[in-house]
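Worksheet: the structure to be examined is printed underneath.
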Amino acid sequence: MDGAALGLMRERRFLPLFVTQFLGAFNDNLFKNAMIFFATYQIFNSVEDETRFSAIATGIFILPFFLFSALAGQLADSYDKAKIMRIIKAAEIGIMTIGASGIFLKNLELMLVALVGMGVHSAFFGPIKYAILPQHLKEDEVLGGTGMVEAGTYIAILCGTIAGGVISAHAAGFAVVGVAAIGWFASLRIPSAPPLTKLKIDFNIFRASWRLISATMHIRRLYLAIIAISVFWTIAAVLGVLFPPLVKNVFHAQKDVASVFLGIFSVGIAIGSVIINRLLKGHVSAKYAVRSVLGMMVFVIGFYVTAHVWPVSEGPLIKTAEFVTMPIGWLVLALLIAIAITGGMFVVPLYAFLTTTVEKSQTARTVAANNIVNSGFMVFGSVGIFGISNIPGVGVAECLLVIVLLCLASAWCANRLYKAENAPHAPDVLP
C-alpha cells in the first residue's frame, strides 16, 4: 500500500472505522469457522453431509444480505452513519453471547441462530463501511482507503479463520463476546457522518429491495460493476463451501490445513488489493480487471490438476507440517495464493467504482443494491455447488471447474465495464 494510504491509519477519520470493521470481520470468521470445523470433524462423517452443512451455513449467513440490504442502505443515507455503526456493534455483543451459549451447550441449532444474527449484523454494517469513505476521505484517497479496508478485512478473515481452526471451542466462545465488546468501544471513536439527504424509509423489505435494484441496475456502468462483483463473490462462496470437504476428502488432511487454505486465500486478496492500488496510482478504473480474472482462471485450472494428482488417499489425516512436505504441497499453496491475489486485483477497484460513480448522498444505497445482488448470486452458488456435487461421478475436485466458467463470465462483464467507463456519459443519479 502506498504511503498516502498507510498515512490514513494515523487519522481519526479512518483508523476507528478500520479497527471496527477489522474486528467485525475477525469475529464473523472466528465464529463461523469454529462452528463449521466442529461439525465437519466432530459431528458428520460423510462428504455429502459435510458439503451440505457447509453450504447451509454459508447460505444462511448470506441470506440476511438479500433481505435487509435495501433497508440498511436507506437508513445509512438518511441518518448519521457513525451512530448507526454504534448501534450495530452493540447488537453484535448480544448475538455473540447467543453464539457462545451454543458453543458451550454444543447446540448446533443455537449456533446457527447466532450465525443468522451475524449475517443481519453484517448486512447493516456493509453499506456503511464503504459509503462513509467518500464522506470522510478526499477523492484521491478513496481507492487507497477502500484498498485498506479490503486488505484489513481479509487479514481479519485470515486471523479469524486460523483462530477458528486452532483454539478450543470454549476459548472461541469467550473470544467472540470479548471481540464484539472491543469493536463497540472502537466504534465510539468514529467521527460523525451526518446524512446528505433525507429519505422516506420504506420498511417493506421486499418492495424496497426491488425498487433499489431497479433504480440502480438501469445505470449501465453500475449494472456491469455489480454483476462482475457478484460473480466474484459467487466464486468465493463456492470455494468456501468446497474447502472443508476438499481438504478432508481429496487432500486427506486435518482441519488445520483447511484453516491454512482459507487463511492463504484471505492474505492473497489483501496482497492483491495492495498491488492493484499501486498499479492504478489512486485512479479508480477496471483497466486491469480482465487480465486479473483470466489469470485467476488459469490458476484455478492448475489447482484442479494438482488436486487430481495429490498422492495421499488413505491412512490418518495429515497435518499442515506433513502437507507442506508433500512433493506438490507447496505448489498447491502457491496456486491458492495466486488465485486470491488475482481475485483481489479484480474486485477492489470495482468497490471503489461503486462509491465514486454516484453522488455521495447515494453511496450507501448503491452499495446496498450491490449487496442484495451479491447475496442472491452467492446463495445460488452455495446451493448450486451442493447440487452439482451430488451428480453421480462428480467429485468435490470436479466442482472447481465451475469456477472456470464463473471467471469467464467475470471477464466478460469487466471488459464491458472498462469500455463503458471510458465512454461519454451523464452523471449517474439514482431516481
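When residue 172 is tested against (1) within 19 Å of residue 262 (Cα to Cα); (2) out of contact with any helix residue (DSSP H, G or I) (no Cβ under 6 Å at 6 or more places or on another chain), only condition (2) is not met.
Would you confirm whether any residue within the range 113-120 is open to solvent by 40 Å² or more (accessible area, probe 1.4 Å), out of contact with any Pro (no Cβ under 8 Å at 6 or more places or on another chain), of a type outside the set (Lys, Arg) and more than 19 Å from residue 22 (Cβ to Cβ)? Yes, the range 113-120 contains at least one residue that is open to solvent by 40 Å² or more (accessible area, probe 1.4 Å), out of contact with any Pro (no Cβ under 8 Å at 6 or more places or on another chain), of a type outside the set (Lys, Arg) and more than 19 Å from residue 22 (Cβ to Cβ).
Got a sec? Which of 259, 266 is farther than 18 Å from residue 229 by Cβ and open to solvent by less than 10 Å² (accessible area, probe 1.4 Å)? Give the derivation first.
Working: 266 fails: farther than 18 Å from residue 229 by Cβ.
Going through 259, 266 in turn, just one is farther than 18 Å from residue 229 by Cβ and open to solvent by less than 10 Å² (accessible area, probe 1.4 Å): 259.
Among residues of the range 98-112 being touching a Phe, Trp or Tyr at 6+ places or on another chain (Cβ under 9 Å) and either of a type in the set (A, V, I, L, M) or surrounded by fewer than 17 Cβ atoms within 10 Å (Cβ to Cβ) (or both), the one that is farthest from residue 36 (Cα to Cα) is 100. Does residue 344 meet the test of being modelled with pLDDT under 80, surrounded by 16 or more Cβ atoms within 10 Å (Cβ to Cβ) and out of contact with any strand residue (DSSP E or B) (no Cβ under 6 Å at 6 or more places or on another chain)? No, not satisfied. Here is the figure for the range 305-332: residues that are open to solvent by 50 Å² or more (accessible area, probe 1.4 Å), within 23 Å of residue 401 (Cβ to Cβ) and not small (Gly, Ala, Ser) total 5. Among the residues of the range 311-344, the one identified as of a type in the set (S, T, N, Q) and within 26 Å of residue 293 (Cβ to Cβ) is 342. Just so you know, in the range 172-203 the residues that are assigned to a loop (DSSP other than H, G, I, E, B) and of a type in the set (Ser, Thr, Tyr) include one that is farthest from residue 18 (Cα to Cα), and it is 197.
Conditions tested, residue by residue: (1) part of a loop (DSSP other than H, G, I, E, B); (2) at pLDDT 75 or above.
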residue: 25; (1), (2): no, yes
residue: 40; (1), (2): no, no
residue: 45; (1), (2): yes, no
residue: 59; (1), (2): no, no
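Looking across the range 98-147, the residues that are under 22 Å from residue 79 (Cβ atoms) and of a type in the set (Ser, Thr, Tyr) come down to 122, 130. All of 289, 253 fail the test of being at pLDDT 75 or above, buried (at least 21 other Cβ atoms within 10 Å of the Cβ) and within 28 Å of residue 366 (Cα to Cα), apart from 289.
A quick yes/no check of all residues on (1) open to solvent by less than 20 Å² (accessible area, probe 1.4 Å); (2) at pLDDT 80 or above:
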| site | (1), (2) |
| --- | --- |
| 180 | yes, yes |
| 185 | no, yes |
| 188 | no, yes |
| 191 | no, yes |
| 224 | yes, yes |
| 229 | yes, yes |
| 235 | yes, yes |
| 239 | yes, no |
| 243 | yes, no |
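Count of the range 196-222 residues, restricted to those that are buried (at least 21 other Cβ atoms within 10 Å of the Cβ) and touching a Lys or Arg at 6+ places or on another chain (Cβ under 8 Å), is 2.
The values are calculated or read from the model by the stated rules, or taken from the named source; none is laboratory data. All of these numbers come straight from a predicted model, not from anything done at the bench. As a convention, Cβ positions derive from the backbone with ideal geometry for all residues, glycine included, and neighbour counts pool all protein chains shown. What goes into the accessible areas is simple: the full protein's heavy atoms, side chains included, and nothing from ligands, DNA or RNA. Shrake-Rupley method; radii C 1.70, N 1.55, O 1.52, S 1.80 Å.
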